[in-house]
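The values are calculated or read from the model by the stated rules, or taken from the named source; none is laboratory data. Because the structure is predicted, anything quoted here is derived from the model rather than measured. Reconstructed Cβ throughout: ideal geometry from the backbone, glycine too, with neighbour counts over all protein chains shown. Remember, those area values only see protein heavy atoms, side chains included, never the ligands or the DNA or RNA. Shrake-Rupley method; radii C 1.70, N 1.55, O 1.52, S 1.80 Å.
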Amino acid sequence: MYYDALKTFVTLVEVKNFTKTAEILLMSQPSVSLHIKKLEEEFQTKLFLRSPKFLKVTLTGEILYDRAKQMIAIYEQTRQDIQEHDRSIKGELKIGASFTIGEYILPSLLIDLQEEYPELELQVVIGNTEEIVQAVRLYKVDIGLIEGQTNEKELSVHPFMQDELFIVSSNNHELANKDDVEITDLHDQAWVTREVGSGTREYLNHVIRSNGLKIKSILTISSNQGIKETLIKNGSGLALLSRSVIERDVQNKILSIIQVKDESFNRTLSYVYSPIMKDKKNVKTFITELNKKWPMKAKPIG
């Protein structure tokens, strides 16, 4: 059985150090070396290029790394399924969520799940859309929730919510009190936005390109809350943010919506998973509860 050797190999690829790998897996360094040697003999290839100063994965090692992640995930899922002697929902469920979803949308569902399935151990990882897609692909999470697009052909992607975005600013921005804002009024404005790789940044880039907008400046902040605080303190910037992110701030008159005439900004939020997770009981339960809580329709902002 090569499970232990594969797990050692995957860990070594990720930490790139024999000593650290041994510490993480609670084994001796010679045992780590032995596992790698066995795999190299099995596949008749060198998996690493080694020198006293560096450790680099070979091209064949990169191929094995992706397959090893899949094999480990299948093994662990099979073990969990065998250990479940009843139909109760229990064990771990690792959820990846992009920032907007993880910080503002997902929490209410987590509370529902915790009440309905107290034996289910929920773990949530938050990152941008690109990071969550990779976490799903490498089986670091069981299922991911994203606000952007993905071209990963290995993954299954399904919409679960329509999300409306709004251009917002501080209350004293020049456009905040203008009655009729045209798309041309957005020329030469300063923008505060999320980092490259996030679904929100991807959508803003689309709006800028499709409308031929000229940008005065762009300030990048990898936090929705950081963007809002910057708008409040700066006064001259604009941001394009999800309804869920700004709803409370607008209701409390902390931020203002700049409603552009004849324009609306909508995107689809999706859940994404690897096909081998399709029949995992906890994943199926999560998807059922997700779709039950949020039918596919947009909500107006109040």
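What is the magnitude of the charge dipole of the stretch 1-142 about its Cα centre, with +1 placed on the Cβ of each Lys and Arg, -1 on the Cβ of each Asp and Glu, and no other charges, expressed in debye to the nearest 20? Here the size comes out at about 1060 debye.
Estimated from helical segments only, the mean residue ellipticity of the chain at 222 nm is -13000 deg cm²/dmol, where each DSSP H run of four or more residues counts as -39500 (n - 2.57). How big, in percent, is the set of alpha carbon pairs in the stretch 84-152 lying more than 16 Å apart? The calculated P(r) of the stretch 84-152 puts 49 percent of pairs beyond 16 Å. Average projection, convex hull of the Cα set of the chain: 19.5 square nanometres.
Close amide H contacts of L219 (hydrogens built in the peptide plane, cut-off under 5 Å, sequence separation of 5 or more or a different chain): W191, V192, T193.
Scoring 209-217, 30-38, 247-255 by mean Cβ neighbours within 10 Å over their residues and listing the highest first yields 30-38, 247-255, 209-217. When only the Cβ of Lys, Arg, Asp and Glu is charged (+1, +1, -1, -1), the dipole of the stretch 136-279 relative to its Cα centre reaches about 360 debye. Electrostatic bookkeeping for A73 treats Lys and Arg as +1 and Asp and Glu as -1; over the other residues with beta carbon under 14 Å from its beta carbon, the sum is +2. Distance between the pseudo-spin-label points of D4 and E174 (7 Å out from Cα toward the beta carbon): 7.0 nm. Rolling a 1.4 Å probe over the heavy atoms of the protein chains gives the chain an accessible area of 53 Å² per residue. Ordering G61, I215, T184 by the projection of their Cα atoms onto the charge dipole of the chain, which places +1 on the Cβ of Lys and Arg and -1 on the Cβ of Asp and Glu, puts G61 at the extreme positive end.
Please report the antiparallel percentage of DSSP beta bridges with both residues in the chain, rounded to the nearest 5. Looking only at bridges with both residues in the chain, the antiparallel portion is about 50 percent. Here the gap between V196 and R248, fully extended at 0.36 nm per residue and compared with their Cα-Cα distance, gives a gain of 16.1 nm. Rounded to the nearest angstrom and listed largest first, the equivalent-ellipsoid semi-axes of the stretch 217-302 from its Cα gyration tensor are 33, 16, 13. For T60 and L213, the difference between the fully extended length at 0.36 nm per residue and the C-alpha to C-alpha distance is 50.5 nm. Directionally averaged projected area (the stretch 177-263, Cα convex hull): 5.6 nm². Of the solvent-accessible surface of the stretch 100-140, computed with a 1.4 Å probe and all protein chains present, 45% belongs to carbon and sulfur.
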